[in-house]
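I have placed the structure first, in the form of C-alpha cells, so that the comments after it can refer back to it.
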Amino acid sequence: LALSIGKRTWAYAELERTARIWAHALLHACDGRPRQVGVLGYRSEVSFVGVTASLLAGATFVPLNPNFPPGRTRMMIELADLDAIIVQERYLPHLLQALPGEGIRPVILVPDAQDSLPKLGRPVCSGQALDELEPLVELPPVLESEIVYVLFTSGSTGVPKGVAVMHGNVLHFIDVMMDRYGLGPHDRLSQTYDQSFDPSIFDIFMAFEA
C-alpha cells in the first residue's frame, strides 16, 4: 500500500504506473522535459500522483493551494514561470480565474476529467487522452544540484517569495530523518499539512522512502 485517501487505496505498482503515464503526457505536451510544473489539488490522487509525475518527468514541482485566493495563485504561476499545471477537475474553475491573461501559457493536465475540455487558448489534456498513453520508461536524468520543488512563503512580511530546494537537500533530509525515526514498510504517515507548506515533504517522501 502506497497511498490511502478515504476508502480508495493505491498500491505502489499502480501509483508508479499512473505517475509514469502522466509524466509521459507532460513530456509530450511540453515538447520535451518541462522545467516547472504546478500541482493544483487537495489531498487527492491528483495532488499526490501529480507531484510524483512531475519528478519522473524531470521537472521541479510547485504546489498550488486551491484554498488560496485566485490572485495569489496567479502570482505564484507567474513567478514560478510554469511550463505545465496538473489540476484536479473540481479546482479547474479556481485555475481559470488564476491563469494570467497574457504571456504565460502553461500546458494544463486534468487527469480526473473524462469529458473533453475547452481549449482555453492553451493545450489541455484530460484523463481520456491520458488513457491512450503508455507509461514513461526512460526517465530524464536529474542532478542533486537541480531544483526539486519551489514553495512560496506566507508573505506575512511582504510579497510571498518562492523558495527553491535542491534534490540533494531533500535526499540528505530524508536520510537524517530515517536514521532518527527508523520508519519501515508497516508504518503509516498522515498528511497533516497542506502540500504548499514545507512539512508536507516529510509526510510524503518519508512514507515513500520507507
### Summary
Spelling it out for residue 60: with amide H atoms placed in the peptide plane at 1.01 Å from N, the residues 5 or more places away or on another chain with amide H under 5 Å from its amide H are 36, 37
### Task
Go ahead and estimate [θ] at 222 nm for the chain from helices alone: -39,500 (n - 2.57) per DSSP H run with n ≥ 4, summed, over the residue count, rounded to 500.
-11000 deg cm²/dmol
### Query
How much of the DSSP beta bridge set in the chain is antiparallel, as a percent to the nearest 5?
35
### Message
Placing unit charges on C-beta atoms (Lys and Arg positive, Asp and Glu negative, everything else neutral), compute the dipole magnitude of the stretch 138-210 about its Cα centre in debye, rounded to 20.
### Response
260
### Task
Mind putting a number on the dipole of the stretch 89-205 about its Cα centre? Charges go on the C-beta only, +1 for Lys and Arg and -1 for Asp and Glu, and I need it in Debye to the nearest 20.
500
### Task
Name the most mobile residue of 174, 77, 85, meaning the one with the largest mean-square fluctuation, in a Gaussian network model of the chain with Cα contacts below 10 Å.
174
### Query
For the chain, what is the charge dipole size about the Cα centre, in debye to the nearest 20, if Lys and Arg each add +1 at the Cβ and Asp and Glu each add -1 at the Cβ?
560
### Query
Using the alpha carbon gyration tensor of the chain, what are the three equivalent-ellipsoid semi-axes (square root of 5 times each eigenvalue), largest first, in whole Å?
25, 21, 17
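Pop out the carbon and sulfur fraction of the accessible area of the chain as a percent, whole number, probe 1.4 Å.
Heavy-atom surface of the chain belonging to carbon and sulfur, 1.4 Å probe: 54 percent.
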### Query
How big is the C-alpha Rg of the stretch 115-210 next to the rule-of-thumb value 2.2 N^0.38 Å, as a ratio?
1.44
### Query
Which residue, 63, 141, 106, has the most motion in a Gaussian network model of the chain that connects Cα atoms within less than 10 Å?
141
### Query
What is the distance, in nm, between label points placed 7 Å from the Cα along the Cα-to-Cβ direction at residue 183 and at residue 90?
2.5
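The values are calculated or read from the model by the stated rules, or taken from the named source; none is laboratory data. Quick caveat, the model's predicted, so the values are computed rather than measured. In this analysis, Cβ positions are derived from the backbone assuming ideal geometry, glycine residues included, and neighbour counts consider all displayed protein chains. SASA here: full protein model, heavy atoms, side chains in, ligands and nucleic acids out. Shrake-Rupley method; radii C 1.70, N 1.55, O 1.52, S 1.80 Å.
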